[in-house]
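*Asks:* One structure coming up, written as structure tokens, with questions to follow.
The values are calculated or read from the model by the stated rules, or taken from the named source; none is laboratory data. On a predicted model such as this, the values are computed, not experimentally measured, just so you know. As a convention, Cβ positions derive from the backbone with ideal geometry for all residues, glycine included, and neighbour counts pool all protein chains shown.
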């Protein structure tokens with residue numbers, strides 16, 4: 001049985017594998033396999049899925065079928081279908097495709113911003129403004145999130161000043177973003193830093209403080225999610241099988257593994273609305289669509305503890 005959207009949950013797990021995961025692997029997953037994978041994610045109880053990014057196919061051939069994938073995903077009731085857009089042109093295509101939510105990466109690291117989108121962070125705030133105006137004009141119900149990438153450090157620049165991160169998030173919200181979250185794009189974050197930055201973000205933005213997007217590059221992904229939870233964050237990005245990284249950030253491996261994140265919260269008594277068994281089963285269509293691609297995760301390998309009872 002699919003998750004009933006009316007069932008109360010304590011956290012929102014936002015699955016980013018079909019976008020963040022697939023754009024980071026060399027192979028291109030066939031469209032039919034993507035659709036089967038998304039169906040399995042929905043059946044497991046996921047209510048928000050980042051299904052594609054709207055970028056030129058010559059840059060990311062993995063995302064050439066973005067509009068087709070969105071058209072399929074939006075047929076699932078009660079699921080927020082999200083797409084990443086790097087600019088106004090991508091936003092226009094995503095809005096026409098029918099997405100429910102746009103996410104725009106705005107890098108706090110000047111060096112990463114120039115490498116990733118060939119624009120400065122300030123230029124990207126203007127892009128947020130233009131996208132917000134377009135959204136207001138043609139699809140006012142669509143949400144816009146500005147994810148502050150390299151918020152915890154950068155492989156190109158090194159340290160990223162915390163003041164820059166918070167100021168940039170505030171500028172994005174002032175420019176029209178509904179919320180702004182923090183992304184550990186390269187896996188530099190530690191739990192003390194996560195607590196500090198999210199505390200500052202939440203005092204600055206209140207209810208407009210967005211998701212924690214953590215990477216497990218140095219094994220601290222779950223610890224950082226727990227630190228964010230302690231500070232009141234209730235939306236977490238993760239990727240099935242830990243797929244993903246950033247193609248423009250050297251050494252940025254793996255997102256937090258959805259299966260492990262769901263298990264951690266459910267074991268703590270925090271309701272995710274997601275079935276641990278079904279989310280592990282969703283690895284099967286993923287593996288079928290990307291044969292030979294390594295999948296990560298401790299819970300799928302170890303199995304569930306004896307006596308583990310899912311929350312109702």
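*Asks:* Determine, yes or no, whether residue 90 is within 19 Å of residue 236 (Cα to Cα) and either in contact with a helix residue (DSSP H, G or I) (Cβ under 7 Å, 6 or more places away or on another chain) or at pLDDT 95 or above (or both). Don't jump to the end; show me each part of the working.
*Replies:* Details: within 19 Å of residue 236 (Cα to Cα): no; either in contact with a helix residue (DSSP H, G or I) (Cβ under 7 Å, 6 or more places away or on another chain) or at pLDDT 95 or above (or both): yes.
Criteria not met by residue 90.
*Asks:* Report whether or not residue 58 is farther than 17 Å from residue 244 by Cβ and modelled with pLDDT under 95.
*Replies:* Spelling it out, residue 58 is indeed farther than 17 Å from residue 244 by Cβ and modelled with pLDDT under 95.
*Asks:* Here is a further query. Starting from residues that are in a helix (DSSP H, G or I) and in contact with a helix residue (DSSP H, G or I) (Cβ under 6 Å, 6 or more places away or on another chain), keep the ones in the range 19-30 and report whichever is nearest to residue 290 (Cα to Cα).
*Replies:* Here is the first cut: in the range 19-30, the residues in a helix (DSSP H, G or I) are 19-24.
Pick out the ones that are also in contact with a helix residue (DSSP H, G or I) (Cβ under 6 Å, 6 or more places away or on another chain) and you get 22-23.
Values: 22: 9, 23: 12 Å.
Restricting to residues being in a helix (DSSP H, G or I) and in contact with a helix residue (DSSP H, G or I) (Cβ under 6 Å, 6 or more places away or on another chain), the top hit is 22.
*Asks:* Quick one: in the range 295-310, of everything that is touching a helix residue (DSSP H, G or I) at 6+ places or on another chain (Cβ under 8 Å) and under 26 Å from residue 18 (Cβ atoms), which residue is surrounded by the fewest Cβ atoms within 10 Å (Cβ to Cβ)?
*Replies:* 298
*Asks:* Another question about this same structure. Give the range 279-294 a look and list any residue that's crowded, with 20+ Cβ neighbours inside 10 Å and outside any loop (DSSP other than H, G, I, E, B), or say none.
*Replies:* Just the residues of the range 279-294 that are crowded, with 20+ Cβ neighbours inside 10 Å, to begin with: 279-280, 282, 285-286, 289-290.
Selection gives 279, 280, 285, 286, 289.
*Asks:* Would you point out the residue of the range 142-156, among those that are out of contact with any strand residue (DSSP E or B) (no Cβ under 6 Å at 6 or more places or on another chain) and crowded, with 24+ Cβ neighbours inside 10 Å, that is nearest to residue 80 (Cα to Cα)?
*Replies:* Restricting to residues being out of contact with any strand residue (DSSP E or B) (no Cβ under 6 Å at 6 or more places or on another chain) and crowded, with 24+ Cβ neighbours inside 10 Å, the top hit is 152.
*Asks:* Which one of these is at pLDDT 95 or above, more than 19 Å from residue 168 (Cβ to Cβ) and more than 16 Å from the chain's Cα centre (by Cα): 48, 126, 68? Don't jump to the end; show me each part of the working.
*Replies:* Numbers: 48 fails: more than 16 Å from the chain's Cα centre (by Cα); 126 fails: more than 19 Å from residue 168 (Cβ to Cβ).
On inspection, the qualifying residue turns out to be 68.
*Asks:* Might you let me know whether the range 18-26 holds any residue that is modelled with pLDDT of 95 or more and surrounded by fewer than 18 Cβ atoms within 10 Å (Cβ to Cβ)?
*Replies:* No, that holds for no residue.
*Asks:* So how many residues does the range 198-220 have that are modelled with pLDDT of 95 or more and closer than 23 Å to residue 82 by Cβ?
*Replies:* Counting residues in the range 198-220 that are modelled with pLDDT of 95 or more and closer than 23 Å to residue 82 by Cβ gives 13.
*Asks:* Restricting to helices (runs of 4 or more DSSP H) lying wholly in the range 154-252: which have 3 or more residues that are under 23 Å from residue 114 (Cα atoms) and more than 18 Å from the chain's Cα centre (by Cα)? Don't jump to the end; show me each part of the working.
*Replies:* Numbers: elements: 162-174, 191-205, 221-230.
Per the criteria, 162-174.
*Asks:* Still on this structure, I have one more. Are any residues in the range 190-214 in contact with a helix residue (DSSP H, G or I) (Cβ under 8 Å, 6 or more places away or on another chain) and more than 18 Å from residue 105 (Cα to Cα), and if so, which ones? Walk me through it before giving the result.
*Replies:* Applying the first criterion (in contact with a helix residue (DSSP H, G or I) (Cβ under 8 Å, 6 or more places away or on another chain)) to the range 190-214 yields 190-192, 194-198, 200-201, 204-205, 208-209, 212, 214.
Of everything in the range 190-214, those that are in contact with a helix residue (DSSP H, G or I) (Cβ under 8 Å, 6 or more places away or on another chain) and more than 18 Å from residue 105 (Cα to Cα) turn out to be 190, 191, 192, 194, 195, 196, 200, 204.
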